[in-house]
Amino acid sequence: MSGRFLSFAAKTLAGVAAAGLLAGSALAADFSGETVEWVIPFKEGGGSDKWARFYAPLLAEALPGNPSIVVKNMPGAGSTKGANWFAERAKSDGLTIFGTSGSTQFPYLLGDPRVRYEYSDWNVVLATATGGVAYLPADLAARWKKDPKDVIANVDFIYGSQGATRLDLVPLLAWEMLGMKVEPVFGIKGRGAGRLMFERGEVNIDYQTSSAFLSKVTPLVEEGKAVPIMTWGALDAEGNVVRDPTFPDIPTFKEVYTDVKGEAPSGDAWEAWKAFFVAGFPAQKMVFLPKGTEQDIIDTYSAAFKAVTERADFADISKKRLGVYPQSVGDDAKAKLVQGTVVNQAAKDWIKAWLKERYGVEL
Amino acid sequence: MDLLSIALPALSEAFSLILTPTAMGYLAGGVLLGLCVGVFPGLGGIAGLSLVLPFVYGMDPVSGLSLMVGLVAVIPTSDTFASVLLGIPGSSASQATVLDGFPLSKQGQAARALAAAFVSSLFGGLFGAVVLTFFILIARPLVLAFGVPELLLLTVLGFSMVGVLAGRSLLKGLIAVGLGMTVGAIGEAPAQGSARLDFGSWYLQDGFSLVVIGLGIFAVPEIISLLRQDRAIAKDAKLGAGWGDGIADWWRNRWLSIRCAAIGVVVGVIPGLGGSVVDWIAYGHTVQTTKDRSRFGNGEIRGVIGPESSNNAKEGGGLVPTLLFGIPGSGSMAVFIGGMILLGYEAGPQMISNDLPITYTVVWSLALANVVGAGLCIFLSGGIARLTTIRFPLLVPFLFMMISFAAFQSKQTLWDLGALVAIGLLGIFMRRFDWSRPAFLIGFVLADQAEVYAYQATQIAMVKGRTGGLEGMLSYLFTPVGLILIAIIVASVWLGMRQSSTLHQDESKPETGDKRGPLIFALLVTAFLAAAFADAISVSVLIDKVFPVTVAGLSLLGAVILLLQMRLRPETDVVFSDGERHGEDATAPIGLWPTLAWFISLLVLTALFGFVIALVLFFIAFLRVRAGASWQSIAVMTIGGVGFMLLMAGVLNRDFPPGLLQNFVELPWPFGGR
């Protein structure tokens, strides 16, 4: 039986009048007997949902008073519905927390008219990074290994995409910067469907986020059907793109670019790519408390997430489900928030112009 | 032999894992939970699984899997209660069951229909497990043979079933499909996310959910119609044939059951098709292979056995993409994958190479859960069938509560109820003027995949053509699998055409009245299609534009032809069918609008006071004024009904939509809301 129902029953017994008092007098740093709702603006079963459900029991153990934590899905309008709700309606009593992903950040960065939320209003308590790996079928990969320039100049690529304004913006722009001829086939439902098209030979280039690559593509690599060619990289403490710690042997897009073009990437396109890469991968998923939450509640949550990520068995249990990536808390999380949501206007404008010119999408 | 030598040791290990008291206990627990969740329409496996997920973490793998599988397996079984007894499609898996199951209930044969449905489910589930045991070992290359062109052909096969479901006027049936597809195109375009047909409303941005469409098109018209009769669901409040007859019916139609179970497995196995068409393909197949088709739609037991045999088999088939590829075939399977990760198993090809015993544990837990669940349901069906002998007005508040609660699971706002009323009105008039509702639903369900697969196939074929020439293009589009599918489609269309010509010859003259009503409805449909066409033209991204322009344009053309027919033909023609002129609805003691007003009053009350308070007021007012119940029984029914819903909502962590009142006063759950 869920905590929500028990707390409802308890409150009913205490009388409706007392219920208001109870909620008001909850001690900030102690959540005994309370129910924390973790709102996820996506459907059940998606990446963010799994991520929240991975953390929820661990967080419940780490918070003082061991509240019950329920994951509440509030999907709609590409996650902007849930985010708007959180910005406008969530109470700042520490009993509602919110998980966002790259799909919540991209509309915010691109000035989507549906967005009525402001990231800098919220209080970040956790930031989870991920990465991405691009791979080719074996025959193309062999040519790529010999001479990437030949493949870039002479191969027609097809790529299964969820849409140019989604996370796919990062790979599509990267490939275009390299000069590859990639025709995206739009309308696939999730990266799993893209991988299936790759396995069927309908598309000849694909990318997966780290955890999906580890579990679903590694068997294909072992069978010799797929070969990774580049990762998007990771961010170091100074904000530089470096090799992905989960895939230290695979070059980053930046390295491939430098190798192929003879110089490191720079200019508007690179700045724009980097900004959206950070929002989509190193700062992909974050947990927030609402605007106006008291500092001791924020500190309590930060400490709880810190305790979770410092558990002796954390590396072990998280490896399979989240990959080997920094889970940032406290000031590190704040830095991630800034890197992932504060993008200069020139980069935003460049991306918008590119989307319009290349894909006819007007935002 | 090779297959056997791999399968048998793993199989015996799997059975030694399942057949322990602990695992069986969890399985039974999951089944009971699934039955409770499943009888509530609209909730389905996602809600049930989300409920157990927090407990699964830390359980031993076999117990955890048994619990989850038990729960998932019985959902398509238990939702049959609502479909057959009340005409409410419990989930997308049992929409076709409503067509003949509910008329049987009205004839007092609810127990027979239920028992036939449950035996079919049981058989379908077992059949699925047996096939899967061997098939799962060789499934991977077969599944990979289904590329985008083949998926498109399977979608076309789904559409070909419209032939037998179109009703008396083929033209009206075709417009109904087009209307369904146009409604299905509402919202964000699947390719580039252009806003389509949402007329600036955020609610329409994500389109209508299948639950709201299913309830509005099937449940609302039936409930309103019965309420106008002011009697029990079963005519004369008597129960005829019992559950033994249902089992005998199934045995007589066992070959049909096998064929439909096979359809269920095959469609379930293929990722990307979605489970919601399985029951329609099975229903279409049932109609096509039945000699005397006159009883379909009026209580033909084969119309229950076919779809019910397929939908449980589909759950088994759906394990293939879920376990082997990590691609969930449905929302509940997506949550199931999440649960497996909690238990330490990652879906993927290694489920066969390394974890075969666990895979078989899942497959056979599913079969066992079907046995336990269906057995329990057969046992209960005799008693529960008595619901159909209760005077209908006494049931109505509960039904409105159930369908509203189900609709709220869509987006959890008041607009869900508004949408239900609007689609319900459409359903009422489609029923009255004899527009095929199944055709509309098939159009709605298949719209998205028809669009996506059509342009993906085109786009990929063009790139293949660029590199491999015409030959490369053709060999991509027309694979052996594709050619087989084309043959099946041709056969299906031929059967459908042959059958629709024999179907309507001996039928009595259509019920028609004057021209006014049917004409006004046809004009409204035409106006909507014209507005949709205009909106589609204004979409700027080409790839998002082609589909709605084509569909709305062709439907509009059909509607114009229909209007011409109406201009030229006499008022006794089929195009003027009007159920209000003859038959049951014509003689109903109570009019349509006073009856509908009750439903709308629930919407208005919810907008003012939030759903829970509105529901209490509605229960009291309806039971007193309309049903004439005593104060004592009103109290019992209100507390029982609303209390049960609150219990479900509490356990499942659901909120209720707030009204105007909640803007001013902050109320605790469940009266408050978001």
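The values are calculated or read from the model by the stated rules, or taken from the named source; none is laboratory data. Bear in mind the structure is a predicted one, so any value in this text is a computation, not a measurement. Because the Cβ atoms are built from the backbone with ideal geometry, glycine has one as well, and the counts that use them run over all protein chains shown.
The table that follows gives values for the structure above.
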read-out: Matching residues in the stretch B:331-369 - criterion: being part of a helix (DSSP H, G or I), under 20 Å from B:Phe135 (Cα atoms) and within 11 Å of chain A (Cβ to nearest Cβ); value: B:Met333, B:Gln350, B:Met351, B:Ile352, B:Ser353
read-out: Inter-residue pairs, beta-carbon under 6 Å, first closer than 17 Å to A:Glu202 by Cβ and modelled with pLDDT under 95 and in the stretch A:150-169, second among the basic types (Lys, Arg) and part of a strand (DSSP E or B), 6+ apart; value: A:Asp156/A:Lys181
read-out: Scope the stretch B:642-665; condition part of a loop (DSSP other than H, G, I, E, B) and either within 8 Å of another protein chain (Cβ to nearest Cβ) or among the small types (Gly, Ala, Ser) (or both); matching residues; value: B:Leu652, B:Asn653, B:Gly659
read-out: Top-ranked residue of the stretch B:258-302 - restricted to ones that are at pLDDT 85 or above and hydroxyl-bearing (Ser, Thr, Tyr), ranked as farthest from B:Leu153 (Cα to Cα); value: B:Thr290
read-out: Residues of the stretch A:89-107 classified as part of a helix (DSSP H, G or I), more than 17 Å from B:Gln205 (Cβ to Cβ) and more than 10 Å from every other protein chain (Cβ to nearest Cβ), total; value: 2
read-out: Residues of the stretch A:136-190 classified as in contact with an Asp or Glu (Cβ under 9 Å, 6 or more places away or on another chain) and of a type in the set (Asp, Glu), total; value: 2
read-out: Which numbered condition B:Arg231 fails, given (1) assigned by TED's automatic domain parsing to the domain that holds B:Asp79; (2) over 23 Å from the mean Cα position of the chain (by Cα); value: (1)
read-out: B:Ala369 being crowded, with 21+ Cβ neighbours inside 10 Å, in contact with a helix residue (DSSP H, G or I) (Cβ under 8 Å, 6 or more places away or on another chain) and modelled with pLDDT of 90 or more; value: yes
read-out: Candidate set: the stretch A:34-53, residues that are within 8 Å of chain B (Cβ to nearest Cβ) and of a type outside the set (D, E, K, R); chosen: the one nearest to the chain's Cα centre (by Cα); value: A:Gly46
read-out: Members of the stretch B:550-560 that are surrounded by 19 or more Cβ atoms within 10 Å (Cβ to Cβ) and β-branched (Val, Ile, Thr); value: B:Val551
read-out: Residues (in contact (Cβ under 8 Å) with a residue 40 or more places away in the chain and away from chain A (no Cβ under 11 Å)) located in the stretch B:536-550; value: B:Ala536, B:Val546, B:Pro548
read-out: Residue check, A:Leu110 more than 20 Å from B:Ser201 (Cβ to Cβ) and within 11 Å of chain B (Cβ to nearest Cβ); value: no
read-out: Helices (runs of 4 or more DSSP H) within the stretch B:241-330 that include 1 or more residues within 14 Å of chain A (Cβ to nearest Cβ); value: B:254-269
read-out: Residue check, A:Ala28 within 10 Å of chain B (Cβ to nearest Cβ), modelled with pLDDT under 85 and surrounded by fewer than 20 Cβ atoms within 10 Å (Cβ to Cβ); value: no
read-out: Wholly enclosed helices (runs of 4 or more DSSP H) of the stretch B:1-102 bearing at least 3 residues in contact with a helix residue (DSSP H, G or I) (Cβ under 7 Å, 6 or more places away or on another chain) and away from every other protein chain (no Cβ under 14 Å); value: B:2-18, B:21-39, B:61-78
read-out: Close pairs from the stretch A:66-82: first within 9 Å of chain B (Cβ to nearest Cβ) and more than 26 Å from B:Gly187 (Cα to Cα), partner buried (at least 22 other Cβ atoms within 10 Å of the Cβ) and not hydrophobic (A, V, I, L, M, F, W, C), Cβ under 6 Å, at least 6 apart; value: A:Val71/A:Arg53
